[in-house]
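Below is one structure; the comments refer to it alone.
The values are calculated or read from the model by the stated rules, or taken from the named source; none is laboratory data. All values derive from a computational prediction rather than experimental measurement. With ideal geometry, Cβ positions are generated from the backbone for all residues, glycine too; neighbour counts draw on all protein chains shown. These accessible areas exclude ligands, DNA and RNA; they are computed on the full protein's heavy atoms, side chains included. Shrake-Rupley method; radii C 1.70, N 1.55, O 1.52, S 1.80 Å.
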Amino acid sequence: MKQINKILIANRGEIAIRIMRTCREMEILSVAVFSEADRTSLHVRYADEAYYIGKAPSAESYLNMEKIIEVAHTCHADAIHPGYGFLSENASFAARCQAEGILFIGPSAEVIDRMGDKIKAREVMSKAGIPVVPGTAGSISTEGEALQAIGEIGFPVIIKASSGGGGKGMRLVHEETEILPAFRSAQSEAMEAFGNSAVYIEKYISSPHHIEFQILSDNHGHTVHLFERECSIQRRHQKIIEETPSPQLTPALREEMGNVAVAAARAVKYTGAGTIEFLVDSNRKYYFLEMNTRLQVEHPITERVTGVDIVKQQIKIAEGMELEFQQDQLAIRGHSIECRIYAEDPDNNFMPCAGKIYKITEPLGLGVRTDGYVYEGYEIPIHYDPMISKLVIWGATRDESIRRMRRALYEYKITGVKTSIKLLERIMNQPGFIAGKYDTHFIKNNQEQLFRNDEPDDCDDMVFIAAYIDYLSKLSLYQDNHKEFVPAQSLWKKIPYIHHF
Ligand code: ADP
């Protein structure tokens, strides 16, 4: 056992602060690293120490292994927590940490390597008797192989990058004419995004649910699951709302899938916190999709219903401690939903919106948690993921969670940049979501109700008011100096629009 006294968090934004909060509770010192673009980021201020690691592009800062390891030595950190994204699923980084005598808070490099490659992961799981989505056993490198494989699997299929993540490198194919262009573009996107052009082909499950199980495994052979998260509300194959428990699972299926998830983790001798992702079809048949060998963005909903601090467990497991609980001591209490708040414009194809936050009012009250990192006057950099906060709600029942989420979204005001808040509110009022009857096509199938340009946008109003106040102050200066002025027509025309303030 090794006691950890200081952790370097090789990440930024909300997840860096989330991890530092647990460090503070455990009386462990936290070290932030930051890029040029993050000098004013809250994670830098929150940490006990902070070190500059390079220019804004991730490749020159948050992905710079050597620099991060150098900082860990300089500040005498015992361990590195990688958060999610960046180096969190990089086997070479985990191996480098180990070679340098720094604990990597996550599984071994070998496990990361095997599970990071989706083709290898499918092979391991099939061998362990875990049902995987029907598809090719290995990678497909020629167009001829692609045609033959699709002939055997049958339409529709999905071509996927072996090193894929974040919904990238995937192409859906419904008919023969689409095969070759889809195959080529999946390969080139995979090469560009992951430096590896290997792709494989899976049967496309037509109305699936994305349901994942949270796993905790210690170094002493104990593995438990912390139940499921329903992650089917997605845009561009990326999750935007998650809930637990899933309205789709029966108690018997939950137990069965939980046991399968534990068996899957055991099959790879997993240690730490991890997630087994499944696709569940309309007949409630489930298939292994992939394993994420890190903390998930949506981990707080599991924390909310189980009462387990997952980051604390990660740290204790890394220290070599045994899990403090067994499966039968874990239970789901109530219901939890997470809404991801993005600085983006849902009505303009989810275009990211970097810029300055003029004003922010975060929701408070019973059952509300926000994990964020932006503040008034903060300028969101263009270089990173546009997620600025996670709103996590707990309710005694699903109905109470939805009502509380609506109330919290109503209280949440961010002005200066466009956000996904209005879209999330519309989803919370959509009958299919309220009934718990939705699959991964929910957003696409409800376009008309969810995307509307007819509602006034608080953000636009506030940007206008700020500009207007700015204009007036300049105007009075101008008047003082010149005793005359010419009103800017474009601004005056907008004045009636502010009446609802
Ligand atoms: P990534 O690692 O890029 O997130 P995943 O394999 O986890 O990719 O899949 C992301 C999402 O893409 C899933 O949640 C689901 O919506 C969709 N998807 C992936 N594979 C299939 C499939 N075989 N059939 C139907 N949908 C799929």
Region 320-329, subset in contact (Cβ under 8 Å) with a residue 40 or more places away in the chain and out of contact with any strand residue (DSSP E or B) (no Cβ under 8 Å at 6 or more places or on another chain), residue farthest from residue 30 (Cα to Cα): 322
Condition check for residue 123: open to solvent by 10 Å² or more (accessible area, probe 1.4 Å), more than 27 Å from residue 181 (Cβ to Cβ) and without any contact (Cβ under 8 Å) to a residue 40 or more places away in the chain: yes
Residue list for region 401-442, restricted to those being farther than 16 Å from residue 347 by Cα, open to solvent by less than 20 Å² (accessible area, probe 1.4 Å) and of a type in the set (S, T, N, Q): 401, 415, 430
Among (1) within 14 Å of the ligand (Cβ to nearest atom); (2) more than 24 Å from the chain's Cα centre (by Cα); (3) of a type in the set (Val, Ile, Thr) - the single one residue 177 does not satisfy: (1)
Candidates 179, 158, filtered to the one that is at pLDDT 90 or above and closer than 19 Å to residue 236 by Cβ: 158
One residue from 256, 324 being closer than 30 Å to residue 7 by Cβ and of a type outside the set (A, V, I, L, M): 324
Which listed residue is closer than 30 Å to residue 327 by Cβ and of a type outside the set (Lys, Arg), from 221, 195: 221
Residues satisfying the stated conditions in region 204-216, i.e. within 11 Å of the ligand (Cβ to nearest atom) and farther than 21 Å from residue 123 by Cα: 206, 207, 208, 209
Strands (runs of 3 or more DSSP E) fully within region 1-112 counting 3 or more residues that are more than 24 Å from residue 291 (Cβ to Cβ), of a type in the set (A, V, I, L, M) and modelled with pLDDT of 95 or more: 29-35
Conditions (1) modelled with pLDDT of 95 or more; (2) under 30 Å from residue 1 (Cα atoms); number of the one not met by residue 116: (1)
Scan of region 248-268 for residues that are surrounded by 15 or more Cβ atoms within 10 Å (Cβ to Cβ) and assigned to a loop (DSSP other than H, G, I, E, B), ordered by number: 248, 249, 268
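With the requirement that a residue be open to solvent by 10 Å² or more (accessible area, probe 1.4 Å), part of a strand (DSSP E or B) and touching a Lys or Arg at 6+ places or on another chain (Cβ under 9 Å), what does region 227-237 give you?
Within region 227-237, 227, 235 meet the criteria.
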Region 110-119 - residue that is open to solvent by 20 Å² or more (accessible area, probe 1.4 Å) and more than 17 Å from residue 203 (Cα to Cα) and, of those, nearest to the ligand (Cβ to nearest atom): 116
Residue within region 183-203 that is within 9 Å of the ligand (Cβ to nearest atom), of a type outside the set (Phe, Trp, Tyr) and within 23 Å of residue 442 (Cα to Cα) present: yes
Residue within region 274-293 that is surrounded by 20 or more Cβ atoms within 10 Å (Cβ to Cβ), away from the ligand (no atom under 16 Å from the Cβ) and either farther than 25 Å from residue 346 by Cβ or free of Cβ contacts under 8 Å to residues at least 12 places away in the same chain (or both) present: no
Failed item, numbered, when residue 122 is tested on (1) under 25 Å from residue 240 (Cα atoms); (2) under 24 Å from the mean Cα position of the chain (by Cα); (3) within 12 Å of the ligand (Cβ to nearest atom): (1)
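This table checks each residue for (1) more than 18 Å from residue 87 (Cβ to Cβ); (2) β-branched (Val, Ile, Thr); (3) over 20 Å from the mean Cα position of the chain (by Cα); (4) not assigned by TED's automatic domain parsing to the domain that holds residue 388.
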residue: 14; (1), (2), (3), (4): no, no, no, yes
residue: 18; (1), (2), (3), (4): no, no, no, yes
residue: 22; (1), (2), (3), (4): yes, yes, no, yes
residue: 26; (1), (2), (3), (4): yes, no, yes, yes
residue: 31; (1), (2), (3), (4): no, yes, yes, yes
residue: 37; (1), (2), (3), (4): no, no, yes, yes
residue: 46; (1), (2), (3), (4): yes, no, yes, yes
residue: 49; (1), (2), (3), (4): yes, no, yes, yes
residue: 63; (1), (2), (3), (4): no, no, no, yes
Single match in 229, 171 (criterion: basic (Lys, Arg), under 30 Å from residue 336 (Cβ atoms) and within 14 Å of the ligand (Cβ to nearest atom)): 229
Pair list, Cβ < 6 Å and 6+ apart or interchain, from region 233-258 residues that are closer than 16 Å to residue 443 by Cα to residues that are small (Gly, Ala, Ser) and within 13 Å of the ligand (Cβ to nearest atom): 236/167; 237/167; 238/167
Pair list, Cβ < 7 Å and 6+ apart or interchain, from region 94-110 residues that are free of Cβ contacts under 8 Å to residues at least 24 places away in the same chain to residues that are open to solvent by 50 Å² or more (accessible area, probe 1.4 Å) and among the hydroxyl-bearing types (Ser, Thr, Tyr): 94/108
